[in-house]
Structures are given as C-alpha cells and as structure tokens.
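All remarks here apply to the structure that follows.
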Amino acid sequence: MAEPLRILIVEDLPADAELAEREIKATLPESTFLRVETEDSFSAALDTFKPDLIICDYKLPRFTGMEALEIAQKKVPETPFIIFTGSINEAVAVECMKAGAWDYVLKDHIKRLGPALISALEQKKIREEKRLAEKEMVRAALEWQKTFDAVNSIIWLLSEDNRILRSNRIAGKFFHIPLSHIIGKKCFEVTHCSMSPIPECPVEKTKKTLKRESAEMQLDNRWFQITVDPIVENGTYKGVVHIMTDITDHKLAEKALIESEKKYRDLFENSVEGIFQSTPDGRFINLNPAIAKMHGYSSPEEMMREITDIGKQLYVHSEDRERWKKFIKEKGVVKNFEVQQYRKDGSVFWVSLSARAVRDEKGNILYYAGNVVDITERKEAEERLRKSLIGTINALSATVEARDPYTAGHQKRVSTLARSIAQEMGLPRETIDIIRMAGTIHDIGKIAVPAEILSKPTRLTPLEMDLLKTHSEAGYEILKDTGLPYPIAEMVYQHHERLNGSGYPRGLKGSEILLESCILAVADVVEAMSSHRPYRLALGIDATLKEIEENKGILYHPEVVDACLKLFKEKGFRLE
C-alpha cells in the first residue's frame, strides 16, 4: 500500500487551511497534512515533515509567500510549491512563477485546488524522470569517454572522405602526434604519411561493399588488425568506425607456437618413449609411433583403430585401469604406475605409466596425457631377485624352525594369515607381497635365543622371558643390511609393539607403528593363541578372536582386527 501524500500548508487562518484540506481530500483522499504559519516552523517542517507538496498563502502576518518560496527553492527545489491566496494580480502571479512556483490558485476558485495538485504531481514525476534520464546520459557519456580512452586499440571516427573526426588518446601516443594534429587529417596521412589511399586499405573496400572489412597491416615494425565498420544512413555511406588493434605480440606468439609445435611434433614422432592422449572412457586420441611399436602395431593409426576399450583390450588386469583412473582423478597426476599389458599378438609385458588429467573450466576430466615406458626387462630382473629372496627367506625360516621344533609351521601360518588380512583390506599387491615375506621370517631373531629356552616345556621365568623378547631386535639386526625390500626388517622389529605402547622392544604407540607391522602383530597373536605350545594347550579360535576384538583400538589396529574377524566369521578362513 502506497504511503499517504504529505502536504504542508503555510496558512495563518485555520479556517482557510481546513477548507483547503477538505478540497484536497476530495481529490487525494490518501493525504496527511501539517499547517505552519511562521518562517521558523516552515523551515523546520521541510526537514522533519518532508512534504510531497507545499501550499502557501501569498500574504502572511510574519513573512511572505515569496520568502517561503525562496526557502523552499534552496532546501527542496524538487517539491511542488503552489501559491494559494485570496487575491493576486497577473504581474505578481508571473513574478511567483518566475521565482519557482509551480502554480497559483485563488481561494475564490478553491475547486481548482485539487486539479492543480494533480497537475503538479504529474509535473514532478515528469521532471524527476527527465532529471534521472539526463543524469544517466551524463553518466553514460562519461563512462563511454572513459572506456573510449581506456581501450588499447586506436579508435577513429572517419568522415565519408576519410577525415578523422574523433580519436581516442592512444592514437596520439602511438603516432607521437598531438590529438589536435590528428583530428581533421585523412587516415592514410597519419598511418602511412601518404597523400592518397592505400590500395589494400579496408576503408576503401568498405566504401564499395558497405560491409565490415578487416585486414592485417604492418606499421613501424608492428602488426595491426584493422577493422572497419561502415556508417550508413538511408543507404548512403557517411563514414566508418575505424579500429586498429596492436597484434604484434600475438603475431610473435603465433610464430613461436608454430616453431614450438614443430619441435613438439619432432619430439613426439621420434621419442623412444610412448606418448599418448586418451579419454576417460578408454579411447586413444593421439599416439606416437613408439607406443604403437611397443604394443606390436605397425602404426599409431592401426592401434587407434583397433583399440576401442583400453581397459579391456590392453590391460591384463582391467581393475588396474580403474585403480589408475581413480588415483589420477583424486591426485590429478600419476607417476610410474606399473601394470601388465597385452601386445597385439597377445603376449604380456610390463609398462610404467605416468600421466596427468586435463580438465575443463568446471573441473571435468577431458582427457589424460602421458607417457609409457617398457619395463619388462627390469620387472623380469626383479622377479628373478624376488625368487632368490624367497629362497633365502625360506632357508632362514627353516633355520629357525629347526631350532624351535615346537613352533614349526608358525611362521608360514602367520605369513598366510597376514597376507589374507592385507588382501581383505585392499592393499596394493606389492605391499601384500612384502607382508607375506616378512611373515615368513618374522621370528628369525630366535636364532640368537638359547635353544633350551625355545624348547622349554614349562612357562618361562621373567629372566628367560626377557631373553626371548630380544628376538625382535635381533631379527632386525640380522635383516637390516641384507637388501630385503623395505620395510621387512622394520616390520620384524615392530611385530610385538602394541597401539597403547605396552609392547616391546621400543614401546612404540599409535601411528609410530607401521600398518604392515600391525597386520603382522594380529596374525602372530591369532596363530600363537590358537596353536598348541609345550607349556599349554591351544586356546581355540573363539577365545583368540575374542582377545583381538576386546582389545581392538587398545592393543591392535581397528581396521586390521575388523579384516581378520571378517575372514574367520564371514569368509570361513581356517589356519592349516
């Protein structure tokens, strides 16, 4: 609902003011009134009442209507001011209108007061709209001029005979000529110091076609893109808007890009490493000859044509492709990702993949770009070494079991369980393999423990227990310089540590203990408790699982315990 009009009545006679209010309400019912009769009260009302209309008697006992008009003109010049008086001659009325009064109404013609107010309000609206429009025009003109001068391109307004009618400031800076010397000259006089048009000039073409024309030109060792838009009135050519944009840097960059692309193409074509671009859904976008040759194809085109699903057609284990995609999605890049792939003839070989994800402005992956290296020889050498290590590890394991016949098979069973827990936790194959090897020799340090302690058929004394506990550190000292993969030696060192620091030999806590060691520790406890010993019978798998479950998060790693429990309770795992 609109607010009521605030009408200020300057009148010393309350009766006349009441008549005016009555007449106004007949025309403008939603109105509120305030009557004043002195100069001070009038001036104060302008500040506090903030009238929408002012009705003022011409003659007042303490000040005049003209004086009130003068005050209103200074304080609220946009507020309609209407003279309302008993008598006024034509000369006085003209004087009031010249001074700023919007209208005048005689009290004898009070019926005219309502229409006069309506007219004044309409005039006020028109004036306000005009004022705002003029203000916007001034603002737009200033903004346009600021923009015109701020543009880095040279902008000219040319007449039909090619004379420069208007120019922005940058033209003077570039041509080292005052703007006053540019205005009025013909464009070719400024650009080419010529007295006649340049044949290839787009201005001359525009005159003929009456369409936008453009061209690239070199001026003073710099390149410009010249764009010309015709000004046409009623089909008649009147001139052009002539824009010159310095494209020297662009031209230099373009030249550098061409040279760079040539170098890249040479590198791409002649690289001994495979280089590729592929989409997330498994299609190649681009391949170099090296990668095609590596996979047994005669050309990149043949390989791109035949391989339509990289994950299914190239990867020996398709889940490796999904792991690679997941990793690169999270990290943005992946380096030295080792997988087995197929050649065209179906043979299998090892490659190392390094790539990055190329994304759009919203972060969506457009494609992968990377390189491929054939690492088959290295992997075969590693496999030979791994088999040699396994032989060494088995020999060491057999040595321990020969000295401790009561725990024969313990290390192998721990190794099997630890490997199964790691698999259940979804750890990488390399980590699983290391855990299996460490489990096989985790008690190697018992070589340093007297045989009579290892084979004692009764419980050990505190001193004997202390001697037995040295086997973890002894195992570390034996293995640390053997060249076994990290962290096998450290796992052997830590396999009796516990999360709350109650383990041995170093009393490690929480994150100080390797995850691999936590897995080995749970497997060791489960196997030991569920097997017979010279000094006690087997406690059974139920009691064993209860032990690790009750101490989950206290002694044993929670995720490791959960994986172990799942193996026994849900997947039917059994210790052989």
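A short reminder: the numbers here are calculations on the coordinates, not readings from a lab. Given the structure is predicted, the values throughout are model-derived calculations rather than measurements. When we count neighbours, we look across all protein chains shown, and the Cβ atoms used for this are built from the backbone with ideal geometry, even at glycine.
Averaging over all projection directions, the Cα-based convex hull of the range 5-129 occupies 6.9 nm² in the image plane.
Taking a 27 Å limit on the Cα-Cα distance, which of the listed pairs 130/238; 326/509; 293/335; 325/379; 59/98 fall beyond it?
Values: 130/238 31 Å; 326/509 32 Å; 293/335 22 Å; 325/379 23 Å; 59/98 18 Å.
From the list (130/238; 326/509; 293/335; 325/379; 59/98), the Cα-Cα distance tops 27 Å for 130/238; 326/509.
Are there GluC sites (Glu not before Pro) in the range 347-387 that DSSP puts in a loop and that have at most 10 other Cβ atoms within 10 Å, and which ones?
Passing both the DSSP loop test and the Cβ count: 361.
Grab the beta carbon distance between residue 313 and residue 570, set R0 = 35 Å, and tell me the FRET efficiency rounded to 0.05. After rounding, the FRET efficiency stands at 0.50. Counting only alpha carbon atoms, the long axis of helix 541-550 and the longest principal axis of the chain meet at about 40°. How tilted is helix 429-440 with respect to the longest principal axis of the chain? Cα atoms for both, answer in degrees (0 to 90, nearest 10). Approximately 30 degrees, to the nearest ten.
Does the chain come out rounded, prolate or oblate, given a ≥ b ≥ c as the square roots of the eigenvalues of its C-alpha gyration tensor, rounded meaning a/c under 1.5 and, failing that, prolate meaning a/b above b/c? Oblate, since a/c reaches 1.5 and b/c is not below a/b.
Helix 318-331 and the longest principal axis of the C-alpha atoms of the chain enclose an angle of approximately 50°.
Do you know the relative contact order of the chain, to the nearest whole percent, from alpha carbon pairs under 8 angstrom that are 6+ apart?
Details: 865 pairs, mean separation 32.3, N = 576.
Value for the chain: 6 percent.
Each Lys or Arg adds one and each Asp or Glu takes one away; over the other residues whose Cβ falls under 15 Å from the Cβ of residue 291, this sums to -1.
P(r) tail, the range 151-250: Cα-Cα pairs separated by more than 22 Å, 22% of all pairs.
Using alpha carbon centroids, what distance separates the range 22-52 and the range 365-395, in Å? Using only Cα atoms to place each centre, the spacing works out to 96 Å.
Just want to confirm a number: the relative contact order over the range 91-246, from Cα pairs under 8 angstrom separated by 6+ residues, in percent.
Contact order relative to length: 17 percent.
Listed by chain and number, the lysines whose C-alpha is less than 19 Å from the C-alpha of residue 329, apart from same-chain residues fewer than 8 away, are 362. Averaged over residues, the count of other Cβ atoms within 10 Å places the peptides 470-478, 336-344 in the sequence 470-478, 336-344, highest first.
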